[in-house]
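Inspection log for the structure reproduced underneath, given as structure tokens.
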Amino acid sequence: MQLTSFSFKSNVRRKLIDPLLQRNMKRFGGRFVEARAAVMTEVDNLETIRVAAAAIRDRSLANLDSYLLTFEERARARGTEVHWAETAQDVNRILIEIAQANGVKKIVKSKSMVSEESGLNDAVEAVGIQAVETDLGEYILQLAHEPPSHIIAPAIHKSVEEVAELFSEKHHTPRSTDIPALCREAREQLRPHFLSADMGISGGNFLIAETGSVVIVTNEGNGRMVTTLPKIHVAITGIEKVLPTLNDFSTIVRLLTRSATGQSITNYVSMLTGPRQEGDLDGPEQSHIILVDSGRSRLLGTEMQKALRCIRCGACMNHCPVYQNIGGHAYGWVYPGPIGAILTPSYVGLENALDLPQASTLCGACQVVCPVKIPLPELMRVLREKSFEQGLRPWYERLSVRMWRGLANHPRLYALFTQLGVRVLRVLGGKKKLLHRLPGLDGWTEGRDMPAPQGRTFRELYRKKHS
Amino acid sequence: MRVGLFVTCLVDMMRPRIGFATLKLLQDAGCDVVVPPHQTCCGQPGFNSGDRESGRAMARRFLADFESFDHVVAPSGSCTGMIRCHYAELFPEDPALQTRLNALSARTFELTDFLVNVLKVERLESAFQGSITYHDSCSGLRELGIKQQPRQLIGRVAGARLQEMDKPEICCGFGGTFSIKLGEIATRMADNKCQDALTTKADAIVGGDLGCLLNIEGRLRRLGDETTQVLHVAEVLAGPEPDPN
């Protein structure tokens, strides 16, 4: 996916005045938030399960090397070919090698955010292979030539009306805004692709080390078509997705679906363990899995490791007031919202996503709902520290932080400065006691007045009263 | 009970009357309140901007100023959260200092939390004519669990009617330096907050953190609203006081 995270501020400016996006984000509003809150009441020991889920993820990550090797061994024993991709480019190279070795002309895809990281669709199309997205949201976006704006609801930024226009234009059908009819239309378009594709690509929500299985958790059923109909199935997922046992998965999945869409369980939970075995009625002839590093192992053993706990539920973005106002595209890469503000700089380089860790009030709404208790505000702060230490922030910002630290650390100087400052600002505030412009603080005064200070500091007033 | 008042830099500079209201509330409840004269800032603006040294320097200063008190009280959930949740972790190399900071943090309280849970204040002398809608500031709410405390106290103010807004827990967009660095998003978030608050037709928007209040008031005034009051909870609880200016 094309990276634009370095121009976050101008992305934001555009998104805030995009009337269509603003209307769609308002409509989407708190739907996932409310659904999550309602369904969580089913779980009477939520906090205990969150603690257990975080511990499972930590255990998986602390022994990632050995669990991955166990996974590889068990998966191979069931006939799956396991490929290791160190970089995003490796993902595309390996996939194209498999495709070309088997004369693949058409690929059907179920959702894989990891394949967005490497821009897989463009890469295969460049060598003459057609890739068709089959998740409804991803299908819509492929028709519209847009990237996803949410990790589980990729087309959430689009309205029914927009989809109706798009389908009518691309499918040459009468325009309809009836959602079931639109779904039927997409199904009719996709069915021939399922039947004629030579390869199916899916993501993988989890890898189960003890069985060598790939788990996918979905709602639309296309995941089953993609992984069983074509003669080759390739799952692409990150190395951090491993879980030691099926039992661990049973704990995690209780939180995943509830945190994501507010469902007790999704329509389909599939365990894929190797190609079609003797006596099986269906399944692919070849089963491959591409395990992707692409920056993940760099986080291991650092304070950022906790970010790898992420199970991609999207609750952090659903609950983030920044995301709710700007949508996912503004973040400029695959993963938006709070987790994106952490993963994007970690994977593509802090210097390419400098504003993302700043794109949060640190309000903590994300941390409260994260099913695996990732301390998202703390991790954003760690990235802010790295930016500050490496001198990546603008000079005036670094200077003002240092000046304030110096003042706050010298009470007499602080007193002198603040006493003078509040007097000046009080006068400038005039009759209405409001400052409409403050040099250097345009970021504030462009949209808000600054209520003027009272004119004396508490410390001086208190001293006078008590002397 | 000797209580150290940490007035916070924003109140010190922008709204001293909140400091005096806090002082009055504590004294009325029988506390022996001391204002250490050399206090400045909790260090959060620098800390959240990525300068750990700001946090460390201010933590040491806070310890020197306040360690001798039975309790420390601040009219801010944000600054109290900084002290309670972040000071000790800034010194992983010095366990002895961490122990002292943890002990002091445990004695440091946000104002309404202190009044309700430590002093167990039952009666307030104050009166307020009108309806109030309460904005839950993020740090107080999520780091310190402050939710019912201010509401309980407002309920004891003669004449005050609480009128809850939709989504009182959603961030107003202040976020310290965020409000300047990403002012356009902050303004939009403040807009949403003002909308939710104004829908209640309350006479006053009240909260426990001056940063959020300046953000909300700043947006309200820019939008041309000159009548809706924006007040710190301490001002409501202590009642009107002659302006010390």
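What net charge do the residues around residue A:105 carry, taking every other residue with its C-beta under 14 Å from that of residue A:105, with Lys and Arg at +1 and Asp and Glu at -1? Local net charge: 0.
Placing +1 on the Cβ of every Lys and Arg and -1 on the Cβ of every Asp and Glu, with nothing else charged, gives the protein assembly as shown a dipole about its Cα centre of roughly 2200 debye.
Per residue of A:405-414, other chain Cβ atoms within 10 Å of the residue Cβ number 6 on average. Listed by Cβ neighbour count within 10 Å, with the fewest neighbours leading, B:209, B:51 appear as B:51, B:209. Going from the residue with the fewest nearby Cβ atoms within 10 Å to the one with the most, A:51, A:226, B:236, A:382 rank A:51, A:382, B:236, A:226. Each peptide among A:303-314, A:242-253 gets the average number of other Cβ atoms lying within 10 Å of its residues, and from highest to lowest they stand as A:303-314, A:242-253.
Over all directions, what mean area does the Cα convex hull of chain A project, stated in square nanometres? Each step should come with its number before you reach the end.
Numbers: hull surface 109.2 nm².
The orientation-averaged projected area of the Cα hull of chain A comes to 27.3 nm².
Note on residue A:109: lysines with a C-alpha under 16 Å away, same-chain residues under 8 apart excluded, are A:231. Taking one quarter of the surface of the C-alpha convex hull of the range A:322-432 gives a mean projected area of 10.1 nm².
If the cut-off is 17 Å between C-alpha atoms, which lysines fall inside it for residue A:158, apart from same-chain ones fewer than 8 positions away? Here the lysines satisfying the reach criterion relative to residue A:158 are A:15, A:26, A:170. Take each residue in B:4-15, count the other chain C-beta atoms within 10 Å of its C-beta, and the mean is 5. The protection proxy used here, the mean number of other Cβ atoms lying within 10 Å of each residue, ranks peptides B:221-233, A:428-440 as follows, highest first: B:221-233, A:428-440. Charge dipole of chain B (Cα centre as origin; +1 on each Lys and Arg Cβ, -1 on each Asp and Glu Cβ, all else neutral): 140 debye, rounded to the nearest 20. Taken residue by residue and averaged, Cβ atoms of other chains lying within 10 Å of the Cβ of B:36-42 number 5. In the range A:303-389, with Lys and Arg counted as +1 and Asp and Glu as -1 at Cβ, which of these residues, A:311, A:344, A:387, has the Cα nearest the positive end of the dipole, that is, farthest along it? Of the candidates, A:311 comes out farthest on the positive side. Tell me which of A:21, A:288, A:181 sits at the most positive position along the dipole axis of chain A, charges placed on C-beta atoms (Lys, Arg +1; Asp, Glu -1). In chain A, that residue is A:21.
Expressed to the nearest 5 percent, the antiparallel share of DSSP beta bridges inside chain B is 0 percent.
First select every other residue whose beta carbon is under 9 angstrom from the beta carbon of residue B:124; then total the charges, Lys and Arg +1, Asp and Glu -1. Write down the numbers at each step before the final one.
Values: positive: B:123, B:156; negative: B:28, B:122, B:125.
Summing Lys and Arg as +1 and Asp and Glu as -1 gives -1.
Peptides A:71-77, A:191-197, ordered by how many other C-beta atoms sit within 10 Å of their residues on average, highest first, read A:71-77, A:191-197.
Restriction of the trypsin sites (Lys or Arg not before Pro) in the range A:105-200 to DSSP coil positions whose beta-carbon has at most 14 other beta-carbons within 10 angstrom yields A:105, A:175.
Placing +1 on the Cβ of every Lys and Arg and -1 on the Cβ of every Asp and Glu, with nothing else charged, gives the range A:146-271 a dipole about its Cα centre of roughly 300 debye.
All of the numbers you see were taken from the coordinates with simple rules; none came from a lab. Remember, predicted model here, so these are calculated numbers, not experimental data. We place every Cβ from the backbone using ideal geometry, glycine too, and count neighbours over all the protein chains shown.
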